[in-house]
């Protein structure tokens, strides 16, 4: 439910839009806008440089919005960056998101192992 709450708070063109949620037993179903694919999907060829810059700019704008709200995504990886039919990047999967509190120790070892920065064990 925390993931749903963060997603509803983070209204931005480069963050996945939630349209609703439903609870059935212990499961939560989230209804979002339709997306074309994520960046982990195998592609026949790499997008041209202009498209790569557009995707990177979208991710950077989405992250800047999250950071402006004092939120840390903590699990940014290709599978969590979705692409619209028009080629815009949107950040998804807020399950590991936490509020940044200055002076508080935050858990470092929560990210997906394959995308963890060197030296974080």
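The values are calculated or read from the model by the stated rules, or taken from the named source; none is laboratory data. Quick caveat, the model's predicted, so the values are computed rather than measured. Cβ coordinates were reconstructed from backbone atoms using ideal geometry, including for glycine residues, and neighbour counts include every protein chain displayed.
Is the range 43-65 home to any residue that is on the phi > 0 side of the Ramachandran plot and at pLDDT below 95?
Here is the first cut: in the range 43-65, the ones on the phi > 0 side of the Ramachandran plot are none.
Within the range 43-65 (the criterion being on the phi > 0 side of the Ramachandran plot and at pLDDT below 95), the answer is no, since none of the residues qualifies.
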(message) Exactly one condition in (1) within 16 Å of the chain's Cα centre (by Cα); (2) surrounded by 12 or more Cβ atoms within 10 Å (Cβ to Cβ) is false for residue 40; which is it?
(response) (2)
(request) Restricting attention to strands (runs of 3 or more DSSP E) lying wholly within the range 1-84, give those where 1 or more residues are in contact (Cβ under 8 Å) with a residue 24 or more places away in the chain. (result) 27-32, 81-83
(message) Tell me yes or no: at least one residue of the range 4-11 is out of contact with any helix residue (DSSP H, G or I) (no Cβ under 7 Å at 6 or more places or on another chain), surrounded by 13 or more Cβ atoms within 10 Å (Cβ to Cβ) and at pLDDT 95 or above.
(response) no
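Considering the range 85-95 alone, what residues qualify as being assigned to a loop (DSSP other than H, G, I, E, B) and either touching a strand residue (DSSP E or B) at 6+ places or on another chain (Cβ under 7 Å) or buried (at least 20 other Cβ atoms within 10 Å of the Cβ) (or both)?
Narrowing the range 85-95 to residues assigned to a loop (DSSP other than H, G, I, E, B): 85-88, 92-95.
Answer for the range 85-95, where residues must be assigned to a loop (DSSP other than H, G, I, E, B) and either touching a strand residue (DSSP E or B) at 6+ places or on another chain (Cβ under 7 Å) or buried (at least 20 other Cβ atoms within 10 Å of the Cβ) (or both): 92, 94.
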